[in-house]
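Everything on this sheet refers to the single structure shown next.
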Amino acid sequence: MKNAKTGNHVHGDFGTVSVRKRQNVLEKRGHKRPTFTRVLFGAALAINLLPAPIAQAARFVFDQRRTEVRFIYKIAYAKQRGRFTKVSGTLDYDEGKPGKSKIKALIAASSLTTGDTLIDSELKGASFFNAATSPVITFKSVEVHAGSATSAEVAGEVTVNGITKPVTLNVTIEPHDDPALKYDVGARKFLAKTRIRRSAFNMVDYQAMVDDDVDIEIEAIARPR
C-alpha cells in the first residue's frame, strides 16, 4: 500500500485523512488518560480506607469422649466425689478477644455416677437431681471478664433440678498438645471451677450429714468445628 503526502493530507487506500484532525483526536484521547488514572487512584484509596474485616470468634465443640463434670461434697469430714459422663457444649472463642467468648453446656443428669449404685440412685432421685423430671442440667454464659489470654471469670446461669441460678466459673483455656489428638489441629483444653449451694436448687435432704457447699469442676477438650 502506497501513500502520498500532499500538504496537510495523506492519500492512501483508505482515503484522505487530515493529519491535523488525527492530531486533534489523539490530543483528545490523551486528555482522558489523566482522568482515568485519577479514577483508579481514587478507587484504590477508597479501598485502603475501608475498615478492616472484624475478626469472628471461632466455634469449638466439646469432645464428648474427653469431657466430664466432676463434683465434690462432704459427708461429715470425708470428701465424696461423683461425676457426669455425658456432657456436650460449644465454645465461641476469639483468642485475641477472650472477653467476647460464649459458652453453652448440656449435662445429662442420668449420667451421674459415684461408683456406688445406692448413692447414685439417691442422687438421681426426686430429693436431689431429679433426673426423671429434669433430665438436663444446663449452663449458659452471660458475661466474660478476661483476666488474660488464657483465663477468665465467666458469669452465667445454671439450671439444676429445674431451678435457674446465677453462677460464676473460673475458666482457663489453653492449647491442647496431647499426641492422641494430633489430627485435631487447634484443639483447646478447657477447665472451669465453681462452688454452688445445693439448697439453692431445692436439695435439702440429709443436712445434718452432708455439707451444703458442692465444688464443681468441668474438664473438656474443645475441638474446632
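The values are calculated or read from the model by the stated rules, or taken from the named source; none is laboratory data. Quick caveat: nothing in here was measured; it's all calculated off a predicted structure. A quick note on method: Cβ atoms are made from the backbone with ideal geometry, for glycine too, and the neighbour counts reach across all protein chains shown.
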(request) Looking for whichever is more than 22 Å from Ile221 (Cα to Cα) and β-branched (Val, Ile, Thr) here; the options are Thr150, Thr138, Thr133. Which one fits? (result) Thr133
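Starting from residues that are hydroxyl-bearing (Ser, Thr, Tyr) and part of a strand (DSSP E or B), keep the ones in the range 141-179 and report whichever is modelled with the lowest pLDDT. Walk me through it before giving the result.
Start the filter on the range 141-179 by keeping residues that are hydroxyl-bearing (Ser, Thr, Tyr), which leaves 141, 148, 150-151, 159, 164, 168, 172.
Okay, now just the ones that are also part of a strand (DSSP E or B), so 141, 151, 159, 164, 168, 172.
Details: Ser141: 96, Ser151: 91, Thr159: 97, Thr164: 97, Thr168: 97, Thr172: 94.
Among those residues, the one meeting the criterion is Ser151.
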(message) With the requirement that a residue be part of a loop (DSSP other than H, G, I, E, B), over 17 Å from Thr138 (Cβ atoms) and either of a type in the set (Ser, Thr, Tyr) or modelled with pLDDT of 95 or more (or both), what does the range 72-86 give you?
(response) Tyr77
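Among the candidates Gly89, Gly115, Gly99, which residue alone is outside any loop (DSSP other than H, G, I, E, B), surrounded by fewer than 20 Cβ atoms within 10 Å (Cβ to Cβ) and in the same structural domain as Pro175 (by TED's automatic domain parsing)? Full working, then the answer.
Values: Gly89 fails: surrounded by fewer than 20 Cβ atoms within 10 Å (Cβ to Cβ); Gly115 fails: outside any loop (DSSP other than H, G, I, E, B).
Step by step, each of Gly89, Gly115, Gly99 is checked, and only Gly99 is outside any loop (DSSP other than H, G, I, E, B), surrounded by fewer than 20 Cβ atoms within 10 Å (Cβ to Cβ) and in the same structural domain as Pro175 (by TED's automatic domain parsing).
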(request) Would you check which residues across the range 58-71 are loosely packed, with under 15 Cβ neighbours inside 10 Å and assigned to a strand (DSSP E or B) and list them? (result) Arg59, Arg70
(request) List every residue pair whose Cβ atoms sit under 6 Å apart, with the two residues 6 or more apart in sequence or on different chains, where the first one lies in the range 162-174 and is within 19 Å of Ile221 (Cβ to Cβ) and the second, anywhere, is in a strand (DSSP E or B) and of a type in the set (Ser, Thr, Tyr). (result) Leu169/Thr194; Thr172/Ser151
(request) Looking for whichever is in the same structural domain as Pro98 (by TED's automatic domain parsing) and in a strand (DSSP E or B) here; the options are Thr133, Thr138. Which one fits? (result) Thr138
